[in-house]
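Report on the structure given below.
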Amino acid sequence: MRRAPEGRNAEWDERTMQPQDFTRRAALGLVAGAAAATQTTATGLEPKGEKAMERVTGIGGFFFRAKDPKALARWYQDNLGITMTPEDYGAEAWSQEAGTTVFAPFKHDTTYFGDMRLQWMINFRVRDLAKMAAQLRAKGIAVEVDPETYPNGLFAKTADPEGNPIQLWQPGGVDES
């Protein structure tokens, strides 16, 4: 793996527009690009005709600031099974199962995420919400399972060690995937 020169951080090289270091962004970009190209061809989602709007095919990465990025990445791997971003192109990155993804901006003053200083919340699909909640609780992680069954499934809330809100969702009903 190529490292940034001593004293330099892993920012973009403005001459080549390439990362000075192999970053999570680069790893996920490669994986997402390959997956998107394969998926659009395999599913017939390529645009039809000259006026067809080009569309994104999914989320290729989720990037956010952390006080201790390595420790937080390890927490996500150890508790939610999200493989840490590979450090070289030969290793496999985390891959998610196909299914519904909601992209929904909320009003700037929403209290739905909890702490008003937090700007995002991620929702992870799970196969069995009860088992995931029990697994997290066994590790001392607080999980609040919503007792209501919604038309699109079951939900729970938790947070990572830095307080970032996480919603867990077991699809069901009108949204089985």
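For first residues located in segment 68-84 and touching a residue at least 12 places away in the same chain (Cβ under 8 Å), partners that are of a type in the set (Phe, Trp, Tyr) and in a helix (DSSP H, G or I) and lie 6+ apart or on another chain with Cβ distances below 6 Å form the pairs ILE82/TYR76.
For segment 147-158, what are the residues that are loosely packed, with under 14 Cβ neighbours inside 10 Å and either in contact with a Leu (Cβ under 6 Å, 6 or more places away or on another chain) or of a type in the set (D, E, K, R) (or both)? Residue satisfying the conditions is GLU148 alone. For segment 132-153, a tally of residues being more than 26 Å from GLN119 (Cβ to Cβ) and not acidic (Asp, Glu) returns 9. Picking from PRO161, PRO165, which residue would you name as being within 22 Å of THR100 (Cβ to Cβ) and surrounded by 14 or more Cβ atoms within 10 Å (Cβ to Cβ)? Among PRO161, PRO165, only PRO165 is within 22 Å of THR100 (Cβ to Cβ) and surrounded by 14 or more Cβ atoms within 10 Å (Cβ to Cβ).
Residues in segment 124-145 that are surrounded by 14 or more Cβ atoms within 10 Å (Cβ to Cβ) and part of a strand (DSSP E or B) were compared, and the one that is nearest to the chain's Cα centre (by Cα) is PHE124. Any chance segment 77-93 includes a residue that's among the aromatic types (Phe, Trp, Tyr) and under 27 Å from GLY172 (Cβ atoms)? Within segment 77-93, none of the residues are among the aromatic types (Phe, Trp, Tyr) and under 27 Å from GLY172 (Cβ atoms). I'd like to know if segment 82-89 contains one or more residues that are out of contact with any Ser or Thr (no Cβ under 9 Å at 6 or more places or on another chain), surrounded by fewer than 11 Cβ atoms within 10 Å (Cβ to Cβ) and hydrophobic (A, V, I, L, M, F, W, C). Taking every residue of segment 82-89 in turn, none turns out to be out of contact with any Ser or Thr (no Cβ under 9 Å at 6 or more places or on another chain), surrounded by fewer than 11 Cβ atoms within 10 Å (Cβ to Cβ) and hydrophobic (A, V, I, L, M, F, W, C).
Every read-out reported here was derived from the displayed coordinates using simple, explicitly stated rules and does not represent laboratory data. Fair warning: this is a prediction, and the values are worked out from it, not measured in the lab. For neighbour counting, all protein chains shown are included, and Cβ atoms are generated from backbone atoms with ideal geometry for every residue, glycine included.
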